[in-house]
Each structure stands twice: as C-alpha cells, then as structure tokens.
Amino acid sequence: MTERVTIPLATPGSRHGYVPTLVSWNVTFRCNLRCVHCYLDAGTPGRGDELSYEEGISLIDALTRAGTRILILSGGEPLLRDDLFDLAHYGTKKGLHLAMGTNGTLINEEVAYALKEVGIRKVAISLDSVRPADHDRFRGRTGAWEKAIQGIKACREAGVPVQIHATVTPFNHTEIESILAFGEQLGARDFQLFFLVPAGRGRGVGDIVPDQYEGMIRAVLQYTAGKAISVRPTCAPQFIRIARQIGAPTEPGTRGCMAGLTYCRIYPSGEVTPCPYLPVRLASVREQPFQEIWDDAPVLRELRDFRLLEGRCGKCAYAEVCRGCRARAFGASLSHHDSCGVLLRPSEAAGNYLAEDPSCLYQPEAV
C-alpha cells in the first residue's frame with residue numbers, strides 16, 4: 001500500500017537528496033491463504049529466518065533516523081506475526097505513520113480495536129472481485145471473500161480507515177468500476193489498483209495487454225473525477241502521463257514509479273530491495289546500516305539516474321515523473337530465471353531494471 005508523496009529535499013541524514021519517505025516491510029513469510037499472484041511466495045512451508053522483535057525495533061529506529069514517515073506492515077499475512085501489535089505500537093511512539101496491508105480474513109471486532117489502539121492509521125484489505133467465488137479462487141481459499149468483507153466492516157466499526165486493494169487481472173479487469181462502487185458502499189474512500197508484475201508466483205499468471213492497461217487507467221481516472229475518493233494505480237506509472245493527456249488532476253509531487261526515490265522494501269529476513277516486486281537484493285540490515293544501503297547501493301544510484309533508462313522510457317518526455325515500472329521492465333526481460341519469492345544479487349540478476357516498460361503504449365516523438 002502506498003500513499004502519494006512528494007520527493008523531499010535533502011535532509012541531514014541523506015547525502016544524495018533522496019529520502020525513504022515510504023517503506024514497506026514484509027514482516028513475515030507466513031500466510032493463511034495461497035494467492036496465485038503472490039510476489040513473495042508466502043505461505044510456502046519451510047521459509048523462516050524473519051527479523052526478530054529486537055531486530056525489528058532496531059529497524060524502526062533506523063528508518064526513523066533516515067526520515068521515513070510512512071511504514072507499511074505487510075507480509076505474507078502480518079497478523080500471523082505474534083509481536084505485530086508491539087512493533088506497531090513502538091513505531092507509533094517513534095512518530096511513524098503506521099499502515100498495514102492484509103488479506104482481511106483474520107480481522108474481527110477485537111483485532112480491529114487492537115489495531116486502532118496501537119496506532120494503525122489505515123488498513124488495506126484485498127478485494128479482487130464483487131463475486132465471492134472469483135475472489136476465493138484467486139486467493140486460494142473458500143470463504144476468503146466473506147471474511148475480507150467482515151474485516152472491512154470490523155475496521156470501519158472500530159474507526160480504522162480502510163483502503164481497498166484490487167489486483168487487476170484478465171478475470172476481473174472488466175469489473176474494476178464495480179469493485180470501486182462496492183467498496184464505496186462499504187465505506188472505503190481510498191483504493192489502490194495493483195497491475196500485475198511478473199514476480200514470485202505472479203510469473204505464472206496471465207496479464208492484460210497494454211491497450212487494456214491504457215483503457216482501464218483512462219476509465220478509472222474518468223470514474224473518479226468529481227468523486228470524494230482516491231484511486232492510485234500501482235505498477236502502472238503511466239497514469240501520470242494519461243492524467244495529463246486527458247486533463248485529470250493529480251496531487252502536486254505525485255510520481256509514477258517511486259522505487260529507490262522515496263520508496264523501498266524490507267524483506268522478512270532483513271534484505272532491502274528497491275520495491276516489493278523488484279527482487280534484487282541491495283544488502284541486509286543485518287549486515288549494514290539501513291542509511292548506508294539507501295545512500296550507497298549501486299542499484300539505487302542507477303535507478304535515480306533517469307539518463308540511464310533505455311528504449312522508449314529513455315526517450316520519453318514523461319520519464320522523470322513516470323519512469324515506467326522498473327519491476328515490470330525487470331521481470332519481463334527475464335529469459336529463464338524464475339525468482340519465485342527468491343532474491344537475486346545484482347550480479348545474478350538476469351533481468352534489466354533499466355529497460356523500457358512493456359506495458360506502456362506511448363511512443364515518444366523522438367522514437
């Protein structure tokens with residue numbers, strides 16, 4: 001789950017002018033569902049070596065010093081972590097805005113009020129269809145849809161704002177507006193549409209084609225015009241370009257792909273990656289201070305240099321505000337390596353995170 005942020009100017013803790021305003025922490029590999037598109041391959045038996053509570057506290061301290069404002073607790077299913085509420089409470093005391101991404105199936109009235117008590121400011125719950133059977137099939141468990149709805153209602157009753165997540169796939173791309181309307185009926189005002197990236201188990205899932213991406217983004221921007229709701233496409237950074245082309249408003253400072261600029265991901269065992277869908281290991285917070293990783297990782301230096309973008313992205317007038325999806329460029333350029341939930345060192349990465357985004361139809365004039 002992300003929020004629209006403006007890239008801050010340099011701070012005393014950042015030598016290069018980029019601040020990790022938003023960080024997503026996969027707090028666990030464990031999950032009670034088996035979602036077909038999971039980038040982490042969560043729920044697979046035998047995975048472990050998660051950061052301990054003490055290491056989690058140290059991580060929160062390091063993020064605070066680095067200038068992080070928003071910390072997203074994700075998974076796997078974060079509510080399966082026994083110390084989640086303690087970690088969230090500590091993060092709140094340190095001044096972080098805590099959010100949580102969850103499948104919603106474990107949230108009842110008691111859990112919702114506990115989330116409120118420890119300072120969780122927003123809970124993002126996945127809802128991939130208005131048809132229960134389709135959602136359940138995608139999430140790998142019968143009854144998941146009903147429990148997610150109960151989780152949404154419990155959060156609303158406890159006074160915890162809910163953001164609805166929907167992953168766009170061939171099976172549901174024609175019902176996105178129905179999902180938005182249904183979410184509004186449930187009291188949600190924030191939505192995030194995740195466009196599929198070939199990472200983890202998602203490498204085996206069919207995707208919509210580029211002209212469907214383009215049409216859907218236009219339809220969503222037009223649907224939300226004048227409405228008191230917020231919809232952010234994720235891993236579809238071309239929404240910035242499309243919004244400008246059709247005259248749809250975007251918040252000042254809004255960017256497309258934020259990987260390595262204001263955003264990064266912490267893996268359950270402490271490795272830092274540019275984003276959850278780009279499985280390139282920068283370093284581990286168990287080996288190196290987070291601030292050093294953020295400032296000095298060669299991969300991040302490359303991602304911050306728009307002149308290195310290749311193909312159409314490198315020639316595009318929207319490059320600095322869009323950048324194309326770096327994770328999709330990487331995943332689509334993999335020829336044989338199936339990194340199903342496994343991180344790659346830069347020297348092992350067979351994909352090209354600087355390549356053009358294959359999901360974008362736009363043809364720059366210079367091409």
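Given 0.36 nm per residue, what is the gain on full extension from D296 to Y53 after removing their alpha carbon distance, in nm? List each step's numbers first, then the result.
Values: separation 243, 0.36 × 243 = 87.48 nm, distance 2.66 nm.
Stretched fully, the D296-Y53 segment lengthens by 84.8 nm.
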- Query: For the pair N108 and E310, how long in nm is the line joining their label points, each one 7 Å along Cα→Cβ?
  - Reply: 5.3 nm
- Item | V209-Q150 FRET efficiency (beta carbon distance; Förster radius 30 Å; 0.05 resolution) | 0.25
- Item | Value at 222 nm in deg cm²/dmol, rounded to 500, when DSSP H runs of n ≥ 4 in the chain each add -39,500 (n - 2.57) | -9500 deg cm²/dmol
- Taking all pairs of distinct alpha-carbon atoms in segment 290-329, Kirkwood radius in angstrom: 11.0 Å
- Message: What are the extents of the Cα atoms of segment 69-161 along their three principal axes, in Å, largest first?
- Response: 42, 25, 22
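Please report, in debye to the nearest 20, how large the charge dipole of the chain is about its Cα centre when each Lys and Arg carries +1 at its beta carbon and each Asp and Glu carries -1 there.
On the way: 41 positive and 41 negative charges, 118 e Å.
Approximately 560 debye in magnitude.
Mind checking the dipole of segment 189-338: about its Cα centre, +1 per Lys or Arg Cβ, -1 per Asp or Glu Cβ, Debye to the nearest 20? Each step should come with its number before you reach the end.
Numbers: 20 positive and 15 negative charges, 84 e Å.
With Lys and Arg at +1 and Asp and Glu at -1, about 400 debye.
Would you please classify the overall shape of the chain from the alpha carbon gyration tensor, given that a ≥ b ≥ c denote the square roots of the eigenvalues, rounded means a/c under 1.5, and beyond that prolate means a/b larger than b/c while oblate covers the rest? Present the calculation step by step, with values, prior to reporting the outcome.
Details: a/c = 1.36, a/b = 1.07, b/c = 1.27.
Because its axes are fairly even, with a/c under 1.5, the chain counts as rounded.
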- Would you kindly state how much longer the chain becomes between T44 and A133 on full extension, computed as 0.36 nm times their sequence separation minus their alpha carbon distance, in nm to one decimal? 29.7 nm
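What FRET efficiency, computed as 1/(1 + (r/R0)^6) with R0 = 45 Å and r the Cβ-Cβ distance, is obtained for E320 and E157, rounded to the nearest 0.05? The partial results should precede the final answer.
Numbers: r = 43 Å, r/R0 = 0.96.
So the FRET efficiency works out to roughly 0.55.
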- Length-normalised contact order of segment 87-143 in % [C-alpha pairs under 8 Å, at least 6 apart]: 34 percent
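Coordinate-derived values only; no laboratory data. Note that the structure is a prediction, hence the values are computed from the model and not measured. Positions of Cβ are backbone-derived with ideal geometry, glycine not excepted, and every protein chain shown enters the neighbour counts.
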